[in-house]
Each structure stands twice: as C-alpha cells, then as structure tokens.
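Please read the structure below before turning to the comments.
A short reminder: the numbers here are calculations on the coordinates, not readings from a lab. From a predicted model like this one, the values you see are computed outputs, not experimental measurements. When we count neighbours, we look across all protein chains shown, and the Cβ atoms used for this are built from the backbone with ideal geometry, even at glycine.
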Amino acid sequence: MERSDDQQGMETTAENPFVVRFAQFFENTQKKNIEKLVSKYPEKRSLEIDFKELEHYDFELADELLQNPDYVLEAAQLAIQGIDVPALNLDEFKPHVRIFNLPEEAMPILRDIGSAQLSKLLSVEGTIVQITEVLPKLLRAVWECRRCGNTYTILQSSNNQQQPTVCECRAHDFTLKSNTSTFVDFQKIRVQEPIELIKGNQQPTNLDVYVIDDLVNKVTPGDRIKATGILRLVPPKEKKLVYGRFLEAVHIEETEKNFEEVEITKEEEEEIRKLAKDKEVYEKLVKSIAPNIYGHEVVKESIALQLFGGVKKILPGQNRIRGNIHILLVGEPGVAKSQLLQAVDNIAPKSIYSAGKTTSAAGLSATAVKDEFGEGGWTLKAGALVLASGGMALIDELDKMDPEDRSALHEALEQESISVAKAGIVTRFKTETSVLSAANPKYSRFDPYQNFMEQINLPASLVSRFDLFFMIRDVLDRKKDEEISAHILKTHQAGEMMLQQIKNKSMEKQKEVAEMEKLITPAIEGKMMKKYISYARQNIFPVLTAEAIKNISDFYIDLRDQGKKQGTYTATHRQLEGLVRLSEASARVRLSDTVEIEDTDRAIRLFRTALQELVVDQETGKIDFDIINVGRTQTELTNLKKILGIIKDKAREIDMVPMQEVIDEAKTQGLDEEKTKEIFSKLEKAGDIYRPKYGFVKPTQPK
Ligand code: ADP
Ligand code: MG
C-alpha cells in the first residue's frame, strides 16, 4: 500500500487497491441508494455512507478510511464513478461520498485534538459561533501564458493556488482565466466546544470547518453540529513555525441542541425520584443556590423554578407559547446580584454569563461583521442569547448594555428568536433561552418616593417581558446587617479552614472543618442538581388541573377587578402566562404530571412578593401595573393630562402661555408648584409642549 506524497491525477490512481473494495461495497449494499441518487442528480449530489455499515461490510477498509482518509476517499470517488447503474452518464456523474457516524475513538472532544489527528478522519461536535458568507473557491484553474497565449488546466487540490511554473515558450508569467476556470461554493464555519462542557472560566476551544458545494449554507450560528472531516494544517502567515488547523468537512449534520446532553444512569434516576418526593425538596433547592449568600430566599426560590422552566407549547398553526421563565433583579450596588448570577451559572446545566459591555464581540444577539475570518466578506457571529439557546443566559449590568443589544433582547425574550438584517444577509436565529438578568438603579440608590420605572434605566416594554422582577434594596437594618455580616465572615472562615487543611494536610481540625464545610455546601450537590434539572426538563410535562386553573384565574381576575375599581389598568395577560409557567415549573420539581393548587399557590406567592415593592403607585399606595407596562402610573398620567389640558385651554386665547399662569391654575386643582414644574419637563420630553421663550410654553398640537 505504497503512496507517493505528491498529488497524483485521478487517472494514475487506478491502481489504488481500495477502489475495487469500495466498488464491491457499493455494488452489494448501496445499489438502491445510488440509483435514487442518479435519478435526482445533480440537484442531489452526495451519497451518504454510514461508517458502521461500511465497518460491518469490510472492517479493514473502514479502518483504513480512518487512518488514511485522503487515499481511501479518493478510491471511493473512483469506485462510485465506475459503478454500473442504468441511465448513468458516467462523464457527468461525480457525486461526493460523505461518511458519517464514526466510532467513538474518532470523535475527540475539541480541546483534545492535537497533532496526532492530523490527516486523519474524525468527527467533532460543537456549537457554531461564526460562519462566513458563501465564497467562490477555485477548483479547476485555467492559466494563460501572457506571452504566447497557451493555456494550462490545473486541478487545485491543496489550499494554496497551484499554477504552471514554466510555459512551452519558456515564459513564467500566467494569468488566471476566471471565465473558463471552475469554482465551487465554499464556506468557513467556526465551531466551539459545547458550552455545557466548558467548565468555569475556561477559554472555549474553537475549530474551523471548511465546507464546499452542497454542504454550504446548511447551518447557521447557534446550531449544534457534528462535523466529520479530515484535519489539515493552515500554513502560517510569513515564516512562522506555528500552524493553524482546520477540518475539511466530508459530512455535517445538525444534532439535537437541547438543554442537556447530561447522561443519567438508572441509580441516578432513583436518587432524583427520591429527592423529588422529599417534603423539603423546595427548601433544599433554595439552600443549594448560592449557599454563601445570605437571605434572598424568595429570589432563590424563583430562580429554582426558572431552572426547571415552564412547558413550551406549540399550538396548531405554528403558534408557540414560550416555556422559559425570565427574571430581572434590579438592585442597589453590593447586594450580591452578580454573585447570584455567577452561582446560577455554575448550577445550570447549560448557561452563559455575560456582563455589561464586556460581552463577546458578537454581543448578546447576533451580528454581521467584516473580519479576517470572513476573508474580506461578511461573517455572521452568534452572541450569548443564541449560543445559550436551550439553556440560560445570565446577563449582568443590563443597564450598561448597548442599546442595540437591548433591543435584540426584546425580540429574544418573547419571540425566542432574533432576526438579523445586515449587509444583504437576512437570517433568524433561535434563542430559546431563559434569561436571568441584573441591573442597577439609575442613580445607584432607590428613592422610595419615586416610581420604580423612573429609577431604572430600562424601557418599560422590556421590563414587562420578564415574568418576575425584584427590587433589591440595601436596607440599613441593624439586625439584618449583623446576620449578613456573620454569614459572610463565617463563609470566609470556612473557606480559609478548608484551604488550610488542604495545604497542611493536617487531620487535627477535621471535625471543626467538617462542620464549617456544611455551612457552605449546597444541600443538593452540583452534579446532582444539574441531572435533576435536566431530568425534569426532559421528561416532565405537567398539565394544569381544574383546581389549579381556578386558583390562578381567581387571583388574576381579582387583580384585574381591583384595577377596574381604582380606574387603573392592572395585570396583563403576560403576567397571567408568567403565573402558569411558574406553576408548571413548581410541578416539575416534584416530577408531577399535574399542576396542583400547591404549585399555583407557590407561583402566586412569589409573584406577589416580587410585586409588593414595585408596582405600588407611590402617590396613592395602590397596585398599578401601568408602572411596568407603560412606565407611568395612572395618577401620573392623569396629572400629565390635567396640565396639558390647562396649557391647551389657555393657548386658545394667547399665543404663548406664561408658565406661572399654569402653575397657579394647577394649584387650584391640587398640584403644587414643584409637581407642575416636573410635569412641564415630562411633557416637553414627550414632545407634547415646547418652550418658545424663557418662562413660556406652547402646545405642539393646539387641538
Ligand atoms: P452587586 O452585583 O449587587 O453589586 P456583588 O454580587 O458584587 O453585588 O456583591 C458584593 C459583595 O458583597 C460580594 O462579595 C457578596 O458576596 C457580598 N454580599 C452582599 N450581600 C450578601 C449577602 N446577603 N450574603 C453574603 N454576601 C453578600
Ligand atoms: Mg454587580
């Protein structure tokens, strides 16, 4: 099985001993598939071969294919072109032979790929982070001598351009005749190891996959794929010694990119079932989320439900209702928001943490950019929401995020997809991601006398898409301070003790350390937690019972009625759906197939607690959902209308309305000077009035 290293032409490799063996394999096992392919050729131009089938037929050939793929695939190519099938025009029938389903030993994880795999056939699995547009790649080059016009056709087989060295006329100068040369569609795909395999702050490993012809445009960023191909080197730029590498794809397929690829054994399933039956399972879950953080029980309980998630529904006619639960924490600095998010990042089976402006270059959503990877053309990059699809995105410092990212978040939260239309590229990305986000109030601290929405730097329409949001205050409360500081100090002490014991290898303090350890050890250990969540999400799809429906309905209608009596709008259907999702998640925790009253009660309690501080109109003390939905309270809206009415009335008689006159008039209607001045600015900001001259206002639309 000699093999010369220089590239040989197709004609001379007829001695390739594997041609006959492949021909036999095709003849005996693939005749039907090939006939089908012939009938659809050239629209369909790939013959897909299951490696396991080849291995079963000819073990040696299959093994040789892994070790020596260039040579053996060439044999496969020649064999298929020589096959005897009716109605076959051999000159034109040149399909690709695409191998898939490689054995375990040829499927290294990305970070284990090294020089040993060079020129071997292997499969890698990962998430697509970036993809180029379709580029033309030179396949058969026609070179013309500049002096005598003689032409030479050269099949391009490596990744560097190959041209004749010298012409018959002894000239060395050639030009490429692009109109008679043949090009093939080419695309580069950057694959990153699956995010659930990236531990902690490890830098994810990438591999570029090159595809041609009918494999082009089959996948988009965010897709999880398995790529089979030959590992090759990219020559370094200039005269460096370190080579890049890429996978020349033979086959690509999309794989399930579900929340979890977590494998669960029978024993583990037993353990999960036992845990789910435990009366204290909810408490245990709460205690397992960030045990180093004191308090925040309601937030932790909500996060626990978020991890389990509601049930996604696909209604007839393609309508979908999301099952993912979104939570927003708005809190003063130093109340452990970031710590909480990072803790959840460690627990969630699949998640991405990103903060403020430090998010990846692709930001939150997806972008089209021109960069080196794109060889001068456009490339599409997936951001955190796309990459975490099927899992969780933890977005810290939401208030500092780019406006562009924030508007993408709008679409992602409700539609669970993001569309990118840039530079002629129009694509939709799936973002079935549940979002836990944290933000700081606009002025760092909350002012208890001002409305919530006015104090956060986020549009109301975005906030209303979160199923739950919490306002976390750093309240100066002596007792609570003592408890928190005691907890923080003990946590530090426990950490120190554990470290000391490891460093000194001493056994003496063991009992004390063990006790301390318990303090910061989660009730459900991390690995088990991941499996528990995965198991519930994969297997449990609870249905609301009649009682549960009544329970939620009563609460919701009551809330709406309350609003009606107060002359305000109240909860919207969004909040109702949020309640259902939370209830479903609560049932999932117990691995229950039905949503019971206890689940809806839990959802309602969390919902109430979250709202308590926020949705109360600071002027009337009443619950008012407009604060979330439109960013203004009903009282405020009434006041705005009142002042605008006064201005418009006066504007009928005089051209410019003196502000003092409006202030005086407003006073008779119960609004003090300060309030009225505040309303002037709001009306001006909203574009309802303007100031033509100092001390005067005018309505923009007099009617
Ligand atoms: P934020 O993101 O809200 O500004 P951080 O998460 O950065 O706050 O928390 C600041 C520090 O204070 C962290 O080291 C955190 O552990 C500590 N901390 C704040 N609140 C608590 C708490 N309730 N229990 C334990 N530690 C806390
Ligand atoms: Mg923070």
Report the FRET efficiency, 1/(1 + (r/R0)^6), for Met498 and Val20, where r is their Cβ-Cβ distance and R0 is 51 Å, rounded to 0.05. 0.20
In whole Hz and in residue order, list the ³J(HN,Hα) couplings for the stretch 648-660 that follow from phi through the Karplus curve 6.51 cos²θ - 1.76 cosθ + 1.60, θ = phi - 60°; x for Gly and Pro. 5, 4, 5, 5, 5, 9, 10, 5, 10, 9, x, 4, 4
Beyond 25 Å, how much of the Cα-Cα pair distribution for the stretch 52-190 remains, as a whole percent? 51
Taking neighbour counts of Cβ atoms within 10 Å as a proxy for exposure, in what order, fewest first, do Phe174, Phe541 appear? Phe541, Phe174
Exposure proxy order (Cβ contacts within 10 Å, fewest to most) of Ile552, Ile604: Ile604, Ile552
Spin-label model distance (nm) - Thr29 vs Glu270, 7 Å beyond Cα toward Cβ: 4.0
If His296, His172 are placed from fewest to most neighbouring beta carbons inside 10 Å, the sequence is His172, His296
Report the Cα-based extents of the stretch 634-699 along its three principal axes, largest first, to the nearest Å. 29, 24, 19
Length gain on complete extension for the stretch Lys641 to Thr668, per 0.36 nm per residue less the alpha carbon to alpha carbon distance? 8.2 nm
Relative to the present Cα-Cα distance, how much length would full extension add between Leu489 and Ser419 at 0.36 nm per residue of separation? 20.4 nm
When the convex hull of its Cα atoms is projected in every direction, mean area for the stretch 366-444 (nm²): 5.9
If I model a spin label as a point 7 Å beyond the Cα along the Cα-Cβ vector, how far apart are those points for Lys480 and Glu92 in nm? 7.8
Multiply the residue separation of Lys313 and Lys518 by 0.36 nm, subtract the distance between their alpha-carbon atoms, and state the gained length in nm to one decimal. 69.7 nm
